[in-house]
1. Find which of Thr3, Tyr42, Ile87 sits farthest along the positive direction of the dipole of region 3-281, computed with +1 on the beta-carbon of Lys and Arg, -1 on that of Asp and Glu, about the Cα centre.
2. Given the -39500 (n - 2.57) contribution per DSSP H run of 4+ residues, what per-residue ellipticity at 222 nm results for the chain, rounded to the nearest 500 deg cm²/dmol?
3. Please give the contour-minus-distance gain from Lys7 to Asn67: 0.36 nm per residue of separation, less the Cα-Cα distance, rounded to one decimal in nm.
4. Sort the following peptides by mean Cβ neighbour count (other Cβ atoms within 10 Å, averaged over residues), highest first: 107-117, 25-35.
5. Can you tell me the length gained on complete extension of the stretch Asp88 to Gln132, counting 0.36 nm per residue apart and subtracting the Cα distance?
6. Let me know the charge dipole size of region 126-269 about its Cα centre in debye, to the nearest 20, where only the beta-carbon of Lys, Arg (+1) and Asp, Glu (-1) is charged.
7. Give, rounded to the nearest 20 debye, the magnitude of the charge dipole that region 1-148 has about its Cα centre when Lys and Arg contribute +1 at Cβ and Asp and Glu contribute -1 at Cβ.
8. Enumerate the amide H contacts of Leu116 below 5 Å, restricted to partners 5 or more residues apart or on another chain; note that Pro and chain-start residues carry no placed amide H.
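Here, each number is a calculation from the coordinates, and none is a lab measurement. As the structure is a computational prediction, the values presented were derived from the model and not from experiment. In this analysis, Cβ positions are derived from the backbone assuming ideal geometry, glycine residues included, and neighbour counts consider all displayed protein chains.
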Amino acid sequence: MPTLKTKDGVNLHYQEAGTGTPVIFVHEFAGDGRSWEPQVRYFSRSYHCITFNARGYPPSDVPDGPNMYSQDHARDDILAVLDGLGIDAAHIVGLSMGGFATLHFGLEYPERALSLIVAGCGYGAGPDVRAQFVRETEAAAHRIRAETMAVFAETYAAGPARVQLQNKDPRGWEEFKSQLQDHSTEGSANTMLGVQRLRPSLYELEDKMRALKVPTLIMNGDEDEPCLDAGLFMKRCILSSALVLLPLTGHACNLEEPALFNQFADDFFHRVEAGSWNLRDPRSISDGILSASER
């Protein structure tokens with residue numbers, strides 16, 4: 001079973017498929033490396049695809065205590081994957097928790113990212129919901145420890161932005177839920193407390209996002225309510241970004257609409273590699289409605 005070691009000594013399990021330009025896939029809280037199978041099967045025909053399980057997600061190590069889990073750890077674990085595999089730079093693709101990690105990776109290590117796909121990113125990001133998000137993550141961690149993941153997954157997998165997958169693809173949803181039930185109870189609770197609960201709000205990153213020049217694709221489902229406003233905010237801040245909304249789609253957009261997800265990602269990669277992904281034309285940024293602002 002292939003593993004690599006992070007700077008703080010955590011063993012991460014990874015898998016590889018295909019050859020070519022490298023693509024690193026970074027999973028969400030409710031997923032793991034297996035969550036990217038629809039993408040790996042498609043992109044490994046032309047790309048070197050790498051998936052890995054985050055710390056706390058067996059067969060990766062499950063460190064003790066929430067202090068071993070943070071947004072910085074999640075960001076730097078992507079770097080550990082690149083360094084461990086001898087990769088100078090890669091396309092980085094992340095969903096939800098993985099989307100936050102992908103964005104932070106691009107902000108901190110832009111020279112190591114060929115591009116960023118930031119999907120399903122925004123939970124708890126708004127200043128007006130910050131306190132609520134902290135309460136909900138603490139309650140979720142308590143429930144995970146009290147019930148175990150095998151039980152907690154029953155309700156978490158049927159959340160407001162998960163029922164879309166259940167309705168569209170019951171078989172796929174059952175597989176998603178079964179994999180979620182396999183997750184480590186302790187690792188999931190620590191991830192909820194250390195990564196989810198304590199990560200900075202996207203709105204605290206505005207200056208850094210405005211300086212970001214790495215080609216970025218923001219992708220959300222249009223029924224993933226916590227991510228809609230955050231997606232627009234990122235689009236307005238990141239001058240190298242485009243925004244895609246997948247119709248009638250919830251949170252796990254890569255599983256719900258794999259063909260659409262892959263289509264948009266594939267076109268994005270090709271445009272980046274062709275050198276035709278440009279910064280936003282400054283003439284398109286105005287507070288005018290019919291014409292440019294006179295300010």
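1. Ile87
2. Values: 12 runs with 122 residues, N = 295.
Rounded to the nearest 500, the figure is -12000 deg cm²/dmol.
3. Working: separation 60, 0.36 × 60 = 21.60 nm, distance 1.50 nm.
Here the answer is 20.1 nm.
4. Numbers: 107-117: 19.1, 25-35: 23.8.
Ranked by mean Cβ neighbours within 10 Å, highest first: 25-35, 107-117.
5. Here the segment from Asp88 to Gln132 would lengthen by 11.9 nm.
6. Details: 15 positive and 22 negative charges, 93 e Å.
That gives region 126-269 a dipole magnitude of about 440 debye.
7. On the way: 12 positive and 18 negative charges, 55 e Å.
Charge dipole, region 1-148, about its Cα centre: 260 debye, nearest 20.
8. Ile92, Thr216, Leu217
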